[in-house]
Each structure stands twice: as structure tokens, then as C-alpha cells.
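Since the structure comes first, as C-alpha cells, the remarks are kept for the end.
The values are calculated or read from the model by the stated rules, or taken from the named source; none is laboratory data. Here the structure is a predicted model, which is why all the values come from computation and not from measurement. Because the Cβ atoms are built from the backbone with ideal geometry, glycine has one as well, and the counts that use them run over all protein chains shown. To get the accessible areas, we keep the full protein, side chains included, count just its heavy atoms, and leave off ligands, DNA and RNA. Shrake-Rupley method; radii C 1.70, N 1.55, O 1.52, S 1.80 Å.
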Protein chains: 2
Amino acid sequence: MTVRDEERILEIIETARSKKPKFREDRINMAHGAGGKSTQGLIEGVFLPAFASPTLETLGDAGAFAVDGVDLALTTDSFVVRPLCFPGGSIGDLAVNGTVNDLAVAGARPVALSLSLVLEEGLPADDLRAEVDAIARAAEAAEVKIIAGDTKVVERGHADGMYVCTAGVGRRDARAQLSPTGLRPGDRVLLSGTIGEHGTAIMLARGEFDLDADIVSDTRALWPAVDALLDAGGVRALRDATRGGVASVLNELARGVGMLVREAAVPVKPAVAGACELLGIDPLYVANEGKLVALVAPECADAALDALKRFDPDAAEIGEVRAEPPGMVLVETAFGGRRVMDELVGDPLPRIC
Amino acid sequence: MTVRDEERILEIIETARSKKPKFREDRINMAHGAGGKSTQGLIEGVFLPAFASPTLETLGDAGAFAVDGVDLALTTDSFVVRPLCFPGGSIGDLAVNGTVNDLAVAGARPVALSLSLVLEEGLPADDLRAEVDAIARAAEAAEVKIIAGDTKVVERGHADGMYVCTAGVGRRDARAQLSPTGLRPGDRVLLSGTIGEHGTAIMLARGEFDLDADIVSDTRALWPAVDALLDAGGVRALRDATRGGVASVLNELARGVGMLVREAAVPVKPAVAGACELLGIDPLYVANEGKLVALVAPECADAALDALKRFDPDAAEIGEVRAEPPGMVLVETAFGGRRVMDELVGDPLPRIC
């Protein structure tokens with residue numbers, strides 16, 4: 001591909017990208033839940049117009065609000081993962097960690113969680129007990145209390161055993177002056193560890209692929225890492241790279257600025273890289289459940305990376321913010337070429353959380 | 001039945017009741033989601049031991065917590081009602097009103113809601129839009145903002161179109177010195193309006209019974225009524241009488257005290273009374289989605305009833321707290337007899353919210 005070709009392609013994509021994703025489908029499909037372009041279309045086409053509020057429009061991982069001068073954050077997630085248990089965790093771990101992590105990357109210390117269960121008639125009581133225990137252990141590890149709950153039961157054949165919905169309240173930290181729209185050329189892109197473990201672990205656990213690899217989910221709570229990052233200073237934006245992976249997170253953040261990611265700098269475990277190659281999936285699009293992306297001012301990048309490395313030696317600087325091309329994420333391949341890393345289209349790995 | 005017979009029966013029931021409900025089943029059944037005895041067993045046998053915390057153990061409709069000295073409440077509910085739309089409302093209305101009402105009866109002014117959707121692949125986009133609109137309208141009516149959200153999609157055949165999970169944060173009101181364990185003989189039992197509309201409206205909407213009656217759900221937000229009640233003073237406990245109805249709420253509150261309900265004083269619309277008679281269900285066990293039960297000190301009862309009547313002229317005083325028999329709710333029938341109004345057993349009206 002010549003430079004001219006590349007420029008023309010970038011131009012076409014840019015024109016397409018400048019139009020906000022729209023929701024034009026007649027019916028909901030699996031991609032609407034995948035965290036990529038379709039999810040974005042649903043949010044911007046249906047939810048934002050209905051629930052218009054300044055905080056919802058920042059599209060962060062949690063909504064900001066204040067009560068009597070105290071800055072709080074609220075977030076929620078439903079978990080519909082199949083199977084309920086997988087190497088490295090279960091739906092209960094995910095439900096706690098996913099929600100406390102949404103608070104953490106919104107710069108809020110998790111304080112309290114609620115837990116709402118939709119159980120399938122016939123669910124073995126021991127399966128329920130195991131998940132309740134997993135939830136209690138994960139909450140203890142994340143130093144957060146579960147203070148409200150609800151249980152519904154639906155008839156056999158619905159809800160795949162159980163769906164779990166958690167909501168969380170956090171105390172926004174005064175050190176967190178996050179402004180995802182205030183990214184500047186030169187800001188660094190940091191990643192808190194190796195990517196792709198959760199999504200590939202789930203796919204292998206389903207046994208749909210004749211593939212045996214030693215991959216475990218990375219589900220864990222991120223507040224301690226965020227706490228250390230905020231001490232290092234200069235943090236402009238944080239995202240946990242769940243559904244849609246690092247690629248979707250960076251595309252979400254690349255509004256008005258460009259991003260360059262150095263593929264060779266992205267930490268991926270060999271087993272994950274191998275599984276992704278066989279499955280035909282780019283690990284940058286695969287879900288993580290204990291990894292964050294931090295956009296940090298250049299002068300604070302070293303201290304921030306040191307802070308992340310204390311929690312995970314695989315933390316790395318993987319790229320930077322560029323002025324051009326605005327709205328796009330480019331990947332510099334190991335061979336020196338460049339390609340566009342667009343938003344996730346479709347759903348290659350359904351129901352991984 | 002002689003007085004001796006009645007005494008003996010009461011004794012037997014009392015012994016059974018003094019043992020806490022336990023969770024002994026091998027598998028989850030529909031009754032575990034019905035809000036009665038089985039739900040209580042699940043809560044006390046599985047959830048409380050795992051998530052032990054003083055606030056969860058009060059078993060109120062919301063969990064209390066504080067951040068930097070500000071008193072807050074958190075609550076959550078999943079909604080799995082069938083059908084999604086019914087006379088008087090839809091799953092979207094329920095999701096908002098159910099959650100703001102749980103906050104209201106915990107003495108907390110609703111502040112912010114989160115919304116998590118589990119959508120079924122193939123759901124018509126217009127059905128989603130209609131529910132999103134219903135949610136937005138109900139939130140506006142309840143003066144509460146939806147500030148966080150999540151969407152998951154599950155394969156066709158699961159989730160019956162959609163399940164909706166809402167969580168809510170409220171500001172606990174200093175006037176609300178609720179102490180459900182501090183009920184005293186002589187306290188009055190007030191009801192904010194006619195009962196049984198929601199549950200019977202749902203049953204009729206399903207068309208399973210060859211019955212045509214003009215009954216609409218009572219789904220509405222209760223904070224304005226609670227606000228007025230708190231001004232009247234003397235409120236010891238509040239509950240919204242959803243799953244399991246007024247009977248379950250009163251059984252929950254009758255710990256260490258007895259209650260007497262005068263059946264003739266309980267307001268029931270003729271159409272609801274007729275439908276319940278044909279369905280063989282006592283309206284006191286039928287779900288409401290916009291009615292509360294208030295336990296009020298006798299000296300404040302008249303002012304409290306006046307406050308409730310300003311919102312609904314059908315509000316009524318239906319009974320009182322008695323010293324005997326502790327832990328039991330007795331109903332004085334229109335004919336002057338008495339019967340025990342035990343907790344709901346089984347699930348006569350599944351998936352009504």
C-alpha cells in the first residue's frame with residue numbers, strides 16, 4: 001500500500017467516523033451487547049437522547065453526582081457470562097470486580113455495592129452458594145460492603161442459571177481530575193498489564209474450540225492501582241478495558257485527537273497470543289477484567305508507569321496521543337507499517353462478562 | 001373452632017415461627033422469588049451469613065451507609081415481569097418506581113438511579129424505545145436522574161424480551177427515625193390506598209384467566225407521600241407492599257410484637273376483590289407497586305392519616321400493634337372471627353414485577 005493509498009483510506013474512514021454512530025436496526029442483535037460500535041450506536045441513538053444529563057454524556061464508566069457537597073459516583077453492570085465458572089474466576093468475581101473497577105477508573109474509591117440476582121428455576125442451591133461465596137470474597141478483597149440486594153426467579157430455560165447485576169457507589173477522589181476530552185498530543189498511553197486473558201479463558205472454557213491452553217481470567221480489583229496512579233499525578237483519563245478490549249477503549253477516548261499504539265510494546269502472554277491467532281482475533285479487541293488503560297501527561301508518565309509496575313511488572317507504555325489523524329487510533333506494527341485500529345464491529349466473543 | 005382449638009393452633013404456629021426460616025432446598029424454585037417465606041429463607045439462610053453487616057441485617061428495603069458524614073441509602077431491584085406492558089404501566093415504570101419507592105420507605109429522598117438492561121436478541125427496537133421512554137418519564141415524575149447504565153444482550157429464547165435492573169441512591173432524611181424493631185403495642189397500621197391492583201392487573205393481562213375486569217396497576221412513586229408522613233411525625237416503620245403484599249410486609253415487621261388487622265378496614269376496589277375471589281387469592285397477599293404500609297405512634301396517627309389522604313383519599317387505618325401473640329399477624333374478619341395471616345407460602349402470582 002502506498003502512502004497515497006493509505007491517505008485516501010484514512011480520509012474515507014475519517015468521514016465515516018465524523019458521523020456519530022446511529023441506531024437504525026429494527027431489532028436488537030448480539031453486537032449491541034459487545035461494547036463496540038453497535039453498543040455505542042445504541043447508547044448515542046437511544047439512551048442519551050432519553051436520559052440526557054451532563055454527566056451521562058461524558059460516557060465514562062460511572063455517573064458523577066454530589067449529595068450535600070460530597071462527590072460521589074454511581075455505576076452498574078449486568079453479568080450474563082457463560083459458563084458461570086471458568087479458569088481464574090466465576091460470574092460472582094466478575095460482578096464485584098467489574099463494578100468496583102468502573103468506579104476506580106472514574107477516580108472513585110468503591111464504598112458500597114448492591115447485588116441483584118435473576119435465578120433460573122432449578123438452579124442447584126450449591127451453585128448459588130458458591131457464587132454468593134465468590135461475591136463475598138471478592139467484596140472483601142476489594143474492601144467494599146454489599147449493603148442491598150434483590151432476588152428474582154424465572155422459569156426453567158431462562159437466565160442460563162443466573163444473571164447477576166451489581167451497582168456500586170464510590171467516593172470521588174479529589175486527586176482525580178480526569179478529563180477524557182482534554183487529551184493533548186504527547187500524552188502517554190499506559191497499560192496496567194498483559195491483555196486478552198479474560199476473553200480467551202472464557203472461549204476456551206466453553207470448549208467450542210479444540211484448543212487447550214493454560215489461560216486464566218485476570219479478574220481483579222483495580223482501585224489499589226488507581227490509588228497509586230493518582231499519587232503519581234498527571235492522569236487525564238482512565239478506562240478498564242473490558243468488552244471490546246483496549247481497542248474499543250482507545251477509540252472511545254480518541255475524540256478530537258489521534259492515537260498511536262506500538263504493537264510490539266503491548267504485553268500479551270504467549271498462550272493468549274497463540275490462542276488469539278488460532279481463533280483469528282486481535283488480542284487488542286479481547287476483554288480484560290482486571291486491566292486498565294491510563295492516559296497520562298508526558299511529564300508524569302515515568303512515575304505513573306512505576307506506580308503501575310508495583311502492582312503488575314507487565315505494565316507498559318504502549319503509545320501516545322497525536323494531533324493527527326483526529327478521532328482515529330493507528331497501530332504501528334512490528335514491521336514498521338501502520339494500520340487503523342477501528343472500533344469493534346460485530347461480536348466475535350459473545351457473553352464474556 | 002373453639003377458643004381452645006384456636007389457642008392450640010396458635011401455639012403450634014408460634015413454635016414453628018420462632019425457628020428462623022431456613023434454606024434447605026437442593027434447587028431454586030419459583031417461590032424463592034415470590035417475596036414470602038421461601039425468599040426469607042434464602043435471605044436468612046444464604047445471603048445474610050455471606051454478607052453479614054449490621055445494615056443488611058435490618059432487612060429494610062434499602063441499605064444505609066454514610067460517606068463523609070452524609071447519610072445515604074442504596075437499593076436495587078431486578079424486574080422480570082411478564083408481559084412487559086400491562087394496563088397502567090410497563091416494566092420501565094416498575095423499574096423506576098420500584099426502586100425510588102424502596103428508597104422512600106427507607107426514609108431516603110431518591111437522588112440518582114442506575115439502569116442495567118439484559119436484552120433478548122431479536123427484541124424489536126421499538127419495544128426497547130418504548131421502555132426507555134417509560135423509564136425516562138417515570139424518572140422525571142419521581143424527580144430522579146438516571147446517571148449510569150449498562151446493556152447486555154443474550155441469545156434468542158432467553159430473558160423474555162428484557163430484564164431491567166435498577167439501583168438507586170437516596171439521601172436519608174433526618175426526620176426519618178425509623179426503627180422497625182422498636183414497634184410498641186398501640187402503634188397504628190396505616191395503608192396508603194387500595195390494595196391488590198398491580199398483581200391482579202398483571203394476571204388479567206396474561207389472559208390465562210377468562211376474566212375481564214377494569215383493573216390497572218397502581219405503579220407510582222411514593223416519596224411525596226413519605227415526605228408528608230415524615231412531617232406528620234411519629235413514623236416508626238415504612239414498607240412498600242410489593243411482592244407478597246401487605247400480609248408479607250406485616251409479617252416481616254411483626255418481630256417480637258403481634259399485629260391485628262381489621263379486614264373490613266382494608267380498602268380494596270370491588271373489581272380487585274371480585275377478581276381475587278375468582279382467582280382464589282387473598283388481596284392482602286397480592287403485590288402493589290405504589291402503596292405503602294406505615295407503622296405510626298398512636299398520638300401521631302390522625303395527622304399521619306390526614307397526610308396520606310392528601311395523596312390518596314382511600315388511605316386508611318387498618319389495624320394496630322398488639323403485645324400478643326408476638327411474631328404473629330391476626331386478621332379480624334368482617335364477621336368478628338380471627339384468623340392467622342401467615343407469611344406467603346409458594347408463589348400464587350409468579351413474575352409480577
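Conditions tested, residue by residue: (1) under 30 Å from residue A:172 (Cβ atoms); (2) surrounded by fewer than 18 Cβ atoms within 10 Å (Cβ to Cβ); (3) modelled with pLDDT of 70 or more.
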{"position": "A:5", "(1), (2), (3)": "no, yes, no"}
{"position": "A:16", "(1), (2), (3)": "no, yes, no"}
{"position": "A:27", "(1), (2), (3)": "no, yes, yes"}
{"position": "A:41", "(1), (2), (3)": "yes, no, yes"}
{"position": "A:46", "(1), (2), (3)": "yes, no, yes"}
{"position": "A:56", "(1), (2), (3)": "yes, no, no"}
{"position": "A:62", "(1), (2), (3)": "yes, no, yes"}
{"position": "A:71", "(1), (2), (3)": "yes, no, yes"}
Is it true that some residue in segment B:105-112 is among the β-branched types (Val, Ile, Thr), over 30 Å from residue B:323 (Cα atoms) and either in contact with a Lys or Arg (Cβ under 6 Å, 6 or more places away or on another chain) or open to solvent by 40 Å² or more (accessible area, probe 1.4 Å) (or both)? yes
Go through segment B:101-201 and tell me which strands (runs of 3 or more DSSP E), entirely inside it, have 2 or more residues that are within 27 Å of residue A:51 (Cα to Cα) and out of contact with any Gly (no Cβ under 7 Å at 6 or more places or on another chain). B:108-120, B:145-154, B:162-172
I'd like the full set of residues that are basic (Lys, Arg) and within 7 Å of chain A (Cβ to nearest Cβ), limited to segment B:111-145. B:129, B:145
Would you mind telling me which numbered condition in (1) surrounded by 21 or more Cβ atoms within 10 Å (Cβ to Cβ); (2) more than 10 Å from chain A (Cβ to nearest Cβ); (3) farther than 15 Å from residue B:84 by Cα residue B:199 fails? (3)
Flagged pairs (Cβ under 9 angstrom, 6 or more apart or on separate chains; first in segment B:222-244, within 30 Å of residue B:81 (Cα to Cα); second of a type in the set (Val, Ile, Thr) and open to solvent by 30 Å² or more (accessible area, probe 1.4 Å)) are B:237/B:181
Going through B:200, B:194 one at a time, which residue ends up being more than 29 Å from residue A:120 (Cβ to Cβ) and out of contact with any strand residue (DSSP E or B) (no Cβ under 8 Å at 6 or more places or on another chain)? B:194
For the structure I just gave you, tell me whether residue A:106 is at the interface with chain B (Cβ under 10 Å from one of its Cβ atoms), of a type in the set (A, V, I, L, M, F, W, C) and more than 29 Å from residue A:349 (Cα to Cα). no
Residue list for segment B:242-268, restricted to those being on the phi > 0 side of the Ramachandran plot and open to solvent by less than 10 Å² (accessible area, probe 1.4 Å): B:244, B:245
Name the residue that is nearest to residue A:281 (Cα to Cα), counting only residues in segment A:167-195 that are facing chain B (nearest Cβ under 8 Å) and buried (at least 22 other Cβ atoms within 10 Å of the Cβ). A:167
Take residue B:238 and tell me if it is in contact with a helix residue (DSSP H, G or I) (Cβ under 7 Å, 6 or more places away or on another chain), open to solvent by less than 30 Å² (accessible area, probe 1.4 Å) and either within 21 Å of residue B:300 (Cβ to Cβ) or of a type in the set (Lys, Arg) (or both). yes
Sort through B:287, B:294, B:307 and tell me the only one that's of a type in the set (Gly, Ala, Ser) and more than 26 Å from residue B:34 (Cα to Cα). B:307
Residue within segment A:77-99 that is within 7 Å of another protein chain (Cβ to nearest Cβ), out of contact with any Gly (no Cβ under 9 Å at 6 or more places or on another chain) and buried (at least 24 other Cβ atoms within 10 Å of the Cβ) present: yes
Options A:206, A:188, A:184: the member that is touching a Pro at 6+ places or on another chain (Cβ under 8 Å), within 19 Å of residue A:327 (Cα to Cα) and not polar (S, T, N, Q): A:188
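Looking at B:210, B:227, B:218, which one is assigned to a loop (DSSP other than H, G, I, E, B) and open to solvent by 40 Å² or more (accessible area, probe 1.4 Å)?
After applying the criteria, what remains is B:210.
Here's the yes/no breakdown for (1) at pLDDT below 95; (2) under 26 Å from residue B:135 (Cβ atoms):
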{"residue": "B:211", "(1), (2)": "yes, no"}
{"residue": "B:222", "(1), (2)": "no, yes"}
{"residue": "B:227", "(1), (2)": "no, yes"}
{"residue": "B:237", "(1), (2)": "no, no"}
{"residue": "B:258", "(1), (2)": "no, no"}
{"residue": "B:269", "(1), (2)": "no, no"}
{"residue": "B:278", "(1), (2)": "yes, no"}
{"residue": "B:284", "(1), (2)": "no, no"}
